[in-house]
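The values are calculated or read from the model by the stated rules, or taken from the named source; none is laboratory data. Quantities reported herein were computed from a predicted structural model and do not represent experimental measurements. All Cβ positions, glycine included, derive from the backbone under ideal geometry; neighbour counts span all protein chains shown.
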Amino acid sequence: MSDAPPRQGLLVILDGLGDRPSEALDGRTPLEAAHTPHLNRLVAEGQCGLTDPLLPGVPVDTHVGTSVLLGLAPREAMRLARGPVEATGAGVPLLPGDVALRCNLATLHATPDGLHIRDRRAGRVRDEVPALADTLVGVSLGEGITGSLHPATGHRTILRLTGAGLSDAIGDTDPGSGTEPCMLRPCRPLEESAAAHRTALAVDRFVAIAHERLRTHPLNRAREAAGLLPANGVITRGAGAVAATHNLVQHLGLRAAVLTREATVAGLARLFHFTPIELGGEDGARHAAAAGDELPALVAATEAALQDHDLVFLHIKDPDIFSHDRDPVGKRDVLERIDSALVPLLKPDRVIAVSGDHTTDSRLGRHVGDPVPSLLRVPLGRIDDRTIFGETDAAAGGLGRISSSGLLWSLLDGMGVLPNLRPRDAAYFA
Ligand SMILES: [Zn+2]
């Protein structure tokens with residue numbers, strides 16, 4: 001480290017940024033097809049490259065890809081489940097040994113084959129959720145295991161299991177959307193251990209008890225009388241234990257903030273003790289993306305956060321939403337709007353990186369393992385010969401092909417806050 005004062009850092013995370021060529025864009029990717037003069041200028045003033053979110057060729061979810069960019073040690077990111085992330089986001093305290101699952105309140109009905117899922121979100125139930133969850137607190141599930149349901153956002157809830165000898169190696173009871181017939185699955189152990197078997201049984205017991213109690217709950221009777229779907233069951237997924245303990249940004253003592261519209265990313269910010277600045281909600285994301293109209297507010301809040309933080313992460317969900325909707329043209333257009341909206345943040349003395357949490361193929365509508373185009377502009381830092389921000393140029397850029405962690409480390413080094421590696425730091429890098 002030099003004696004120069006540390007520089008401010010900004011990492012822009014464009015969700016699902018990477019893509020593949022599309023016929024609708026004359027064989028270019030949405031980022032290549034987009035007119036992005038300001039991102040191109042950053043490439044011209046710095047370097048670009050391709051980043052692997054975790055491992056080359058391996059697709060990841062948003063919470064995994066983002067957690068690495070936020071500084072979580074890669075081996076912990078690999079084991080990070082959505083359950084504990086959402087739990088932290090919803091303010092549910094988790095202790096070592098607890099297992100947390102993400103749940104929906106859903107509309108179920110009993111058939112001879114088991115519980116059929118009539119509506120995965122119980123008609124997007126919202127107002128009744130805290131009262132319904134309250135009837136499922138401290139539920140005894142046998143063998144010293146207790147389950148409690150906590151409200152999260154909208155129809156979402158968190159199931160927290162406490163007790164000795166729990167395991168998070170259990171499957172989902174949620175069959176996922178798009179499966180027919182949509183039957184609730186029994187919870188399966190994912191490994192041959194006594195802990196996994198007893199935890200899976202406890203989840204099944206909780207699901208059965210929840211259906212019994214919620215089915216007859218006065219609030220659900222009232223919903224049915226009003227012609228609404230009853231929230232009479234719980235479907236579970238994303239079981240996990242507390243696994244995120246080594247975050248480099250936190251370890252370095254940096255004041256970090258995360259700006260996002262997504263509850264999951266805000267949950268990560270809380271997990272790492274960063275300042276979470278959440279604008280709007282996940283439910284609004286799809287609508288807002290159509291106009292990109294929240295971008296100026298997000299950018300203004302980012303500039304404000306930069307006034308009292310060393311490092312600010314700006315997470316923008318929109319590109320991923322267009323990819324999942326199989327709309328490469330819409331993705332191109334929103335990338336152009338993002339390019340213009342970012343201008344006030346692109347100050348010459350800032351260390352700036354732009355990357356994504358994973359690649360989302362907008363023809364397939366799903367995440368794929370291709371690396372993500374990324375750029376890094378460090379004042380007085382290295383400059384490569386690339387001038388365009390896109391997948392093809394990134395493959396020939398000076399950053400080469402590195403991991404998302406490598407991009408973050410380069411950003412931190414550019415800020416002048418990364419000390420020479422010491423043995424005691426090793427756990428934060430691997
Ligand atoms: Zn994502």
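Structure notes:
- Selection count, the stretch 87-103, where residues are modelled with pLDDT under 95 and either within 15 Å of the ligand (Cβ to nearest atom) or among the β-branched types (Val, Ile, Thr) (or both): 2
- Filter result for LEU72 (in the same structural domain as PHE272 (by TED's automatic domain parsing) and within 16 Å of the ligand (Cβ to nearest atom)): yes
- Residues in the stretch 346-362 that are of a type outside the set (Asp, Glu) and within 16 Å of the ligand (Cβ to nearest atom): VAL354, SER355, GLY356, HIS358, THR359, THR360, SER362.
- Hits in the stretch 116-127 - residues which are in contact (Cβ under 8 Å) with a residue 12 or more places away in the chain and either surrounded by fewer than 21 Cβ atoms within 10 Å (Cβ to Cβ) or in a helix (DSSP H, G or I) (or both): HIS116, ARG118, ASP119, ARG120, ARG121, GLY123, ARG124, ARG126
- For ALA202, the stated conditions do not hold, so it cannot be described as part of a helix (DSSP H, G or I), without any contact (Cβ under 8 Å) to a residue 24 or more places away in the chain and not charged (D, E, K, R).
- Any hit, the stretch 71-82, residues being buried (at least 20 other Cβ atoms within 10 Å of the Cβ) and in a strand (DSSP E or B): yes
- Filter result (within 23 Å of THR62 (Cα to Cα) and either outside the structural domain of ILE352 (by TED's automatic domain parsing) or hydrophobic (A, V, I, L, M, F, W, C) (or both)) within the stretch 366-394: VAL368, VAL372, LEU375, LEU376, PHE389, ALA394
- Extreme residue, surrounded by the fewest Cβ atoms within 10 Å (Cβ to Cβ), among residues of the stretch 310-334 that are closer than 19 Å to ARG377 by Cα and away from the ligand (no atom under 13 Å from the Cβ): ASP310
- In the stretch 12-34, the residues that are assigned by TED's automatic domain parsing to the domain that holds VAL64 and buried (at least 24 other Cβ atoms within 10 Å of the Cβ) reach residues that are acidic (Asp, Glu) and part of a strand (DSSP E or B) with C-beta atoms within less than 8 angstrom, at least six apart or across chains, in these pairs: ASP19/ASP361.
Residue by residue, here is whether (1) surrounded by fewer than 18 Cβ atoms within 10 Å (Cβ to Cβ); (2) over 19 Å from ARG126 (Cα atoms); (3) modelled with pLDDT of 95 or more holds:
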| position | (1), (2), (3) |
| --- | --- |
| GLU191 | yes, yes, yes |
| LEU248 | no, yes, yes |
| PHE272 | no, yes, no |
| ASP283 | yes, no, no |
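- Condition check for THR66: part of a strand (DSSP E or B), modelled with pLDDT of 95 or more, within 30 Å of ARG102 (Cβ to Cβ) and within 16 Å of the ligand (Cβ to nearest atom): no
- Scanning the stretch 218-239 for residues that are under 22 Å from LEU161 (Cβ atoms) and in a loop (DSSP other than H, G, I, E, B) yields ALA231, ASN232.
- Consider the stretch 6-54 and keep the residues that are part of a strand (DSSP E or B) and more than 16 Å from the ligand (Cβ to nearest atom). The one that is nearest to LEU412 (Cα to Cα) is GLY9.
- The requirement of being part of a loop (DSSP other than H, G, I, E, B), assigned by TED's automatic domain parsing to the domain that holds MET183, out of contact with any Cys (no Cβ under 7 Å at 6 or more places or on another chain) and not charged (D, E, K, R) is not satisfied by LEU132.
- Some residue of the stretch 146-156 being touching a Ser or Thr at 6+ places or on another chain (Cβ under 6 Å) and not in a strand (DSSP E or B): no
- Selected residue (criterion: farthest from the ligand (Cβ to nearest atom)) from residues of the stretch 363-404 that are surrounded by 21 or more Cβ atoms within 10 Å (Cβ to Cβ) and either basic (Lys, Arg) or in a strand (DSSP E or B) (or both): ARG386
One line per residue, one yes/no per condition, for (1) over 22 Å from GLU262 (Cβ atoms); (2) assigned by TED's automatic domain parsing to the domain that holds VAL334:
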position: HIS38; (1), (2): yes, yes
position: GLU45; (1), (2): yes, yes
position: PRO59; (1), (2): no, yes
position: THR62; (1), (2): no, yes
position: VAL99; (1), (2): yes, no
position: GLY114; (1), (2): yes, no
